Structure formats: C-alpha cells, structure tokens
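The values are calculated or read from the model by the stated rules, or taken from the named source; none is laboratory data. Predicted, not measured: the structure shown is a model, and the values here were computed from it. Virtual Cβ from ideal backbone geometry, glycine too; neighbours counted across all protein chains shown. Note: accessible area is taken over every heavy atom of the protein model, side chains too, but ligands, DNA and RNA are not part of it. Shrake-Rupley method; radii C 1.70, N 1.55, O 1.52, S 1.80 Å.
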Amino acid sequence: MLIREATAEDWPSIWPFWHRIVAAAETYAWDPDTSEEAARALWMSPAKRVYVAEDDSEAVVGSAYLTPNYGGPAARIANAGFMVDPDRAGRGVGRALAEHVLAEAAAHGYRGMVFNAVVETNPAVALWTSLGFTVLGTVPDAYDHPRLGPVGLHIMYKAL
C-alpha cells in the first residue's frame, strides 16, 4: 500500500466513499446531506495536508487529513480525519493511514493530536486506543445514531 499526499485529481476517487460514510451517519458528526462541493471544500481545504492510500492497483482506498486543531499559541495541537472505503475495511488501511498521519504530525512539529467528536460506537475507537489515544471525556447522548439512538461523543487525545 502506498500513502502519498493527495492531489486535486484524487477527489473523484475519494468522494464515493466519503459520501457513503457520511450519509450513513454512524461515525461522523457531519451533515449526512453534505453536497459534493461542500464535502470537497471541507476535506480538501488548502489549510489541510491531505493524504490518500492506494492499493496495489493504484486505486484510492482511503484518505486522511492533518490540520491544526486550534490557532495561535495552541496551533501545535493537531486534528485529523480518516476515511477508508467501507469495501476495504479490515485490511489495515486505517491503521496505515493513522500511523502515517501521526508520523507526519510529529515531523511537522505538532505536540499532540486531538479528536473532538469521536462517536463512541465507532469501531475506530479500538484503533485509536491501540495507537495510544486516550478518552479525555465523553459528551453523553450528543450524537443521534440512526440505529442506536443517542450515543456519546468522545474527545480523544494522544501526545506526540
């Protein structure tokens, strides 16, 4: 698997799984009805470092971004977002992207990474904890899960 910086030409490969994941409304606190234009602006913002994971056939199977979570004197705390094509789940794409983005964050001088709203039922919580993230707190019943009803949102952190 190759992980590289994304280009504008990668968006048409990212959008189908981005849309599928967000529209399912099970793991991301983004509007399930986000338009493609708004999604592209959100994910591919020039303020973010965006990466893609390619399989052996050079198909984009996942994407991630890295960005400061805060500004000013707190700008050394990173935030990131990760999406893996659901058809490729369970094959190590998410872990590879996470390890790559964590290394990039450290290389760019970030001191830590925070996730502001991790749906507590998201299977990725196990990945994040295995990589050293801790749950700083949980906002109870903050997320209306389409199958489970109200569930909490974790705030997770890892020192780099």
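See the values below:
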{"quantity": "Single residue of A6, A39, A47 found to be surrounded by 20 or more Cβ atoms within 10 Å (Cβ to Cβ) and either modelled with pLDDT of 95 or more or not acidic (D, E) (or both)", "calculated": "A6"}
{"quantity": "Boolean, P150 is more than 12 Å from the chain's Cα centre (by Cα) and part of a strand (DSSP E or B)", "calculated": "yes"}
{"quantity": "Test: residue in the range 45-52 that is under 19 Å from V101 (Cα atoms), assigned to a loop (DSSP other than H, G, I, E, B), aromatic (F, W, Y) and out of contact with any Phe, Trp or Tyr (no Cβ under 6 Å at 6 or more places or on another chain)", "calculated": "no"}
{"quantity": "Residue ID - least open to solvent (accessible area, probe 1.4 Å), chosen from residues in the range 122-134 that are modelled with pLDDT under 95 and part of a loop (DSSP other than H, G, I, E, B)", "calculated": "N122"}
{"quantity": "Close pairs from the range 62-87: first touching a residue at least 60 places away in the same chain (Cβ under 8 Å) and closer than 20 Å to T7 by Cα, partner of a type in the set (A, V, I, L, M, F, W, C) and open to solvent by 20 Å² or more (accessible area, probe 1.4 Å), Cβ under 6 Å, at least 6 apart", "calculated": "M83/I21"}
